[in-house]
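**Q** Can you keep this structure in mind? I'll have questions shortly.
The values are calculated or read from the model by the stated rules, or taken from the named source; none is laboratory data. Keep in mind that this is a model prediction, so the values were computed, not measured. Because the Cβ atoms are built from the backbone with ideal geometry, glycine has one as well, and the counts that use them run over all protein chains shown. Surface areas here come from the heavy atoms of the whole protein model, side chains and all, with no ligands, DNA or RNA. Shrake-Rupley method; radii C 1.70, N 1.55, O 1.52, S 1.80 Å.
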Amino acid sequence: MQIALWANKYDLSINKGIERGTHLNMARKMEPNVICDHSEAIWEAFRSNEDNDTIAYVPNNAGYELFCDLCLADMLFTKGLTSHVTFHTKSIPSYVSDVTKNDIIWTIQTLKNRGDPHLRCLGQRWDDYMANSSWEIQEDPFWHYPLDYTYMQEYAPELHDKLATANLIIFKGDLAYRKLFGDINWDTNIPVDKGLRGFLPAKLCVLRTIKYGVVCGISEEVAAKCSKADNNWKESGNYGLIQYCDTIYVEKPQEELAFPPDFEAEEIEGLEGFEAQQKTEESPETPEVEGAGDLGQIEEPAKVEVTEEEVK
Ligand SMILES: O=P(O)(O)OC[C@@]1(O)O[C@H](CO)[C@@H](O)[C@@H]1O
């Protein structure tokens with residue numbers, strides 16, 4: 001999970017420089033910077049499931065982050081912790097590197113044709129999982145609507161119902177975090193279930209490096225330690241969260257929010273014309289890039305002294 005978490009550093013905005021083979025080392029180095037770690041509860045959710053072991057995976061950036069997400073899904077699948085994975089993708093990217101269905105297909109096909117036998121083997125295995133429907137990809141335009149996820153049930157009920165069939169939903173990345181927690185400037189110590197404001201189609205977890213000010217589930221003490229270690233801790237991408245929720249917070253404060261979206265369902269449906277237009281445009285073939293797969297230069301992060309008890 002930590003490997004998939006720290007792969008979230010590699011969005012196009014902070015990936016600079018080229019350095020080979022450093023992701024595992026980086027994930028090890030960054031371990032103390034996971035300032036909220038609900039991994040045990042997540043593993044327990046995998047272990048305790050009785051009749052439903054489907055996982056819904058909501059990936060974030062294409063490229064190296066997606067590769068790590070596929071590796072995590074592969075590990076859960078091959079270890080028997082799930083027998084089915086649905087990858088939920090945006091129909092069109094909100095941010096240039098957001099994963100689409102084509103990115104997953106392209107990644108798998110590219111791996112299948114690599115010279116490296118390990119990568120080829122992964123590509124072949126994932127292609128087989130797709131072919132026998134153990135893995136599937138489901139696109140939905142809701143993911144790129146300007147709506148936080150509390151609006152899913154109303155504006156994308158089928159997507160909500162599909163997520164509700166999962167034992168666990170894995171959300172990746174900063175943007176998903178903002179949409180989960182409504183882009184609200186919460187006090188960091190607001191409990192995760194409260195921040196979700198009733199959005200809980202199934203048990204969920206989020207793997208996110210913090211790149212923006214929305215943070216929940218962190219005690220005041222831990223937040224103070226982070227600020228002391230790094231003034232820029234909410235934007236640097238050097239602090240990580242592995243958070244879990246399986247309890248519905250009943251009170252719905254949605255009406256009290258200052259900025260409810262100011263448009264009707266028909267206007268959202270109007271987006272369909274735009275999507276149709278996008279689909280008719282041929283996407284250019286992706287060129288073979290020198291050094292593709294290399295990782296970004298890793299800056300030494302400021303370490304935060306947080307005790308094991310504090311991150312749980
Ligand atoms: O979502 P990701 O890839 O982890 O984060 C990339 C990012 O640019 O996208 C978000 C929305 O613009 C920002 O909060 C964030 O900095």
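**Q** For the stretch 125-229, which strands (runs of 3 or more DSSP E) that fit wholly inside it have 3 or more residues that are touching a residue at least 60 places away in the same chain (Cβ under 8 Å) and within 16 Å of the ligand (Cβ to nearest atom)?
**A** Those strands (runs of 3 or more DSSP E) span 168-172, 203-209.
**Q** Still on this structure, I have one more. Against the definition (aromatic (F, W, Y), within 15 Å of W126 (Cβ to Cβ) and within 16 Å of the ligand (Cβ to nearest atom)), how does Y64 come out, yes or no?
**A** No, not satisfied.
**Q** Given the structure, is S83 touching an Asp or Glu at 6+ places or on another chain (Cβ under 6 Å) and away from the ligand (no atom under 16 Å from the Cβ)?
**A** Against the criterion (touching an Asp or Glu at 6+ places or on another chain (Cβ under 6 Å) and away from the ligand (no atom under 16 Å from the Cβ)), S83 qualifies.
**Q** If S97 meets every condition in (1) more than 16 Å from the ligand (Cβ to nearest atom); (2) closer than 27 Å to Y244 by Cβ apart from one, which number is that one?
**A** (1)
**Q** For the stretch 161-181, how many residues meet the condition of being open to solvent by 20 Å² or more (accessible area, probe 1.4 Å) and more than 20 Å from S97 (Cα to Cα)?
**A** 4
**Q** In addition: Helices (runs of 4 or more DSSP H) wholly in the stretch 1-115 with at least 2 residues that are within 17 Å of E136 (Cα to Cα) and either at pLDDT 95 or above or open to solvent by 40 Å² or more (accessible area, probe 1.4 Å) (or both) - which ones?
**A** 64-78, 101-112
**Q** Check V96, V85 and return the single one that is among the hydrophobic types (A, V, I, L, M, F, W, C), touching a residue at least 12 places away in the same chain (Cβ under 8 Å) and more than 19 Å from L204 (Cα to Cα).
**A** That would be V96, the only listed residue that is among the hydrophobic types (A, V, I, L, M, F, W, C), touching a residue at least 12 places away in the same chain (Cβ under 8 Å) and more than 19 Å from L204 (Cα to Cα).
**Q** Identify all residues within the stretch 233-254 that are at pLDDT below 95 and within 16 Å of the ligand (Cβ to nearest atom); write none if there are none.
**A** Correct list: E235, S236, G237, N238.
**Q** Every residue in the stretch 230-245 that is on the phi < 0 side of the Ramachandran plot and either within 17 Å of the chain's Cα centre (by Cα) or not polar (S, T, N, Q) (or both), please.
**A** Those that are on the phi < 0 side of the Ramachandran plot and either within 17 Å of the chain's Cα centre (by Cα) or not polar (S, T, N, Q) (or both): D230, W233, K234, E235, N238, Y239, G240, L241, I242, Q243, Y244, C245.
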